[in-house]
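The block underneath contains the structure these notes are about, expressed in structure tokens.
What follows draws every value from the coordinates through simple rules; no lab data is involved. Treat the numbers as computed from the prediction; the structure is a model and nothing was measured. Cβ sites come from the backbone with ideal geometry, for glycine too, and all protein chains shown count toward neighbours.
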């Protein structure tokens, strides 16, 4: 069965922040009612692309406003945290939610954000910090006492009082943009999500599954997720009108910090028109029938078993978002839960 979740930059629209957060939480309550698998949020700093700059604070509110929805960061930028402080936060979130935390981890994608925090964005340096931080996290989440000595991160005679609900720890997730990332995710028993097009993601999924089988014989691999912009309306034209308007606001936020410093995003400029996103098969706007067929085609050509929809972005209003979610849950999600749909997968 194909599972469907949500990815959210929690990017700013045109509302005052207090109203922005309240509207977003009401939308997340709708995700919970609709039966989405998990709600993943990005971590960004000093940019309108990310209003959940402290993911744990925002997700603690999500934990209290939802009952069944899993949730988590996609991803915690490990070089920006003291790993012991983060481990305690992770335990608290997992306890507050009754064991619904999905733990996304990574290096962080923006060198500008890392520099603002005084961290060296050099690949080799940040990779070492990430690896050592992850080792400390895994020890802290599974041990009552431990020590660790690394080159960049250390922990001496730590006594852990807090613990997660999920054992040995909340499921690990990673955003994947390369074969190297896919291999790392497989070795660490992580699920993965990628935001590239379906044909681009297919070799990453294949490599991940092959490496997972070698590293963990007989074990079930994690989820292989594909991120897509998804907007629904009563007609194709209505959905596209909303998507094109909201996407322009998101697009400005996505490039804001880079353009402020005269640079481009790490993986290049994003197209400035939602129609190009559709043409590149990275998003869809339309009726439930249009969206249903688009997702089926992307699943078939990529081999993914998980889809994360970016369903709210830019200046999309709460009413527009809720209507899109209702249409999706009523007329799209059931198509992926029937015996015929499962057989086709």
Problem - GNM result for the chain, Cα springs below 10 Å: residue of 136, 57, 41 fluctuating most strongly - result: 57
Exercise for the section: Compute the acute angle (0 to 90°) between the alpha-carbon long axis of helix 17-34 and the principal axis of greatest extent of the alpha-carbon atoms of the chain; round to the nearest 10°. Expected result: 80 degrees
Exercise for the section: Using only the Cα atoms of the range 1-157, build the gyration tensor, take square roots of its eigenvalues as a ≥ b ≥ c, and label the shape rounded, prolate or oblate: rounded if a/c is under 1.5, else prolate if a/b is larger than b/c, else oblate. Expected result: oblate
Exercise for the section: Could you check which residue among 66, 116, 287 shows the biggest mean-square fluctuation in a GNM of the chain with a 10 Å Cα cutoff? Expected result: 116
Practice task
Distance between Cα centroids, the range 291-340 to the range 202-234: provide it in whole Å.
Solution key: 17 Å
Fill in the blank from the handout: Rounded to the nearest 10, the angle in degrees between the Cα long axis of helix 288-302 and the longest principal axis of the Cα atoms of the chain comes to 50 degrees
Practice task
Let me know the shape class of the range 223-345, please: from the alpha-carbon gyration tensor, a ≥ b ≥ c as square roots of the eigenvalues, rounded when a/c is under 1.5, otherwise prolate if a/b is greater than b/c, or oblate.
Solution key: oblate
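Taking square-rooted eigenvalues a ≥ b ≥ c of the alpha carbon gyration tensor, is the range 240-286 rounded, prolate or oblate, where a/c under 1.5 means rounded and, failing that, a/b exceeding b/c means prolate? Please report the intermediate quantities before stating the final value.
Working: a/c = 3.74, a/b = 1.81, b/c = 2.07.
Note, shape of the range 240-286 comes out oblate.
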Fill in the blank from the handout: Relative to the chain, whose Cα atoms define the longest principal axis, helix 318-331 and its Cα axis are tilted in degrees, nearest 10, by 80 degrees
Practice task
Please work out the C-alpha center-to-center distance from the range 154-180 to the range 1-64 and express it in whole Å.
Solution key: 22 Å
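When DSSP beta bridges are limited to those with both residues in the chain, what percentage is antiparallel, rounded to the nearest 5? Each step should come with its number before you reach the end.
Working: 4 of 35 bridges.
If I count the DSSP bridges inside the chain, around 10 percent turn out antiparallel.
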Exercise for the section: Could you rank the peptides 109-115, 87-93 by their average count of other C-beta atoms within 10 Å per residue, with the highest value first? Expected result: 87-93, 109-115
Problem - Protection proxy ranking, peptides 210-217, 235-242, 251-258, average beta carbon neighbours within 10 Å, highest first - result: 251-258, 235-242, 210-217
